[in-house]
Each structure stands twice: as C-alpha cells, then as structure tokens.
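One structure is given below, encoded as structure tokens.
The values are calculated or read from the model by the stated rules, or taken from the named source; none is laboratory data. Worth saying up front: this structure is predicted, and the values here are computed from it rather than measured. Glycine gets a Cβ as well: all are built from the backbone with ideal geometry, and neighbour counts include every protein chain shown. Remember, those area values only see protein heavy atoms, side chains included, never the ligands or the DNA or RNA. Shrake-Rupley method; radii C 1.70, N 1.55, O 1.52, S 1.80 Å.
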Amino acid sequence: MTGVQTCALPIFYAQSLLGTGIPEAQRFLAYHLRKTPPSMLQTQLRIAPTLYKVLQKVEKRNLRAAEFLSHIDEEGISPVHIDQYRQKHGQVPEKTFVFDGPIGIVHFGSRRGYLKPRSIPHGILSNLLLAYPQPIETEALYRSVWGMEFDAECDLPAIKSALQRVRRLLKSLTPAVRLVRCLSPSDLGAIRIAFSCPWEAIV
C-alpha cells in the first residue's frame, strides 16, 4: 500500500494542503504531482475538478516571472508575458478548445485532459499547434520532439504510439479537433491538426 500512496497525488486533500500556504505542503504536492502518471492524473481530474486549480498553482511556481510564452489562435502567434497569461487564465468562451501548455491541461467546455509538460505527447501537440495550419512531416516532427534523427526501422512504432495517444485524448474531449494525415514528398507523409471549433493555445 505504501508504494501506491507515494506515487499518486492525494486528490481529496490537495486543495486543503495548498491552502495552508506552508512551503512543506507545497513541496509535498509538487513531489506527488511529478510522481503521478499522466493517465492517472487525467482520471483524478475527472473525479475531483478542484485538482485543476491545484495543478495550476503548483506548475506555475516553476515558471520564471520574466518568461514569455506564445499565444496561438486562428489569427496567428503572438508573445504573451507570464503575468498576462496569469491574468487571462480561465477567461475562455464555452465550446472553445484550449491547450494550456505550461500546466499541460487540454480542455473543451467542462471536459479536461492532461499531457505532462515536457513529455513526448505534450511536445507533439505543441509542435502541431505552432505549425498550424501547415502540416509537419513525420521525420521533422520526430526530430523536433525527440531531439534526435529519425530511423524509420526503429523509431516508427514510437511515433505512431505517441500520435495515437494524442488522438485518443483529443477524441475524448471533442470530435471538432483531429490529427489528419497529409501527403508529402516523404514516404511517411505528414501530420497536421484540424479544427472545426474556436480554439487557442499557450505554449
């Protein structure tokens, strides 16, 4: 039992612990957040919606005050200072797809999913949003996310698996956002993200 408890974020006490303002309590939450597998955290977000606010606060402590992020929507990309990001956070119209990259939350209306920041699926979604509306060739996507050259014989299963995970997450939120395969000069083709709803992202 001890092993299970140390790897899962204590969801029903998380809000109270964070509210104490005690540094040790915040470090305790941050530790458990790092140890909780993304799939388990996504389930916990559905069980306890208040965990979303805890996740916001714990992850934002890792962002530098002077850091600039990128805001993306149908009109293009613009820089946003972290202070502006904090002020704007949560002010999104209903039925809008939102990727909150700094904390890894993906949501549409009341439905929420989670992609661990700096994970492979998180990197894939970030790259596809940054490239929108253009597709990214499979090899180029792999090089950008994995940080190494693509070997079709060894690396194809890995990128297929990661893409499938992103597809499943998007499908669980809304059919209005999809990953689409595209033709390209490469034998492996390209991937782009497609929307039939309003959307925005911070990466």
Exercise for the section: Enter the accessible area per residue of the range 99-203 (Å², integer; probe 1.4 Å; all protein chains in place). Expected result: 47
Completion exercise
Whole-percent carbon and sulfur contribution to the accessible surface of the range 79-203 (1.4 Å, no ligands, DNA or RNA) stands at 52
Handout entry: Where labels lie 7 Å past Cα in the beta-carbon direction, separation of LEU188 and GLN84 in nm
Key = 3.6
Handout entry: Relative packing of peptides 150-156, 98-104 - highest average C-beta neighbours within 10 Å first
Key = 98-104, 150-156
Practice task
Quote the relative contact order of the range 86-160 in percent (integer), defining contacts as alpha-carbon pairs under 8 Å separated by 6+ residues.
Solution key: 16
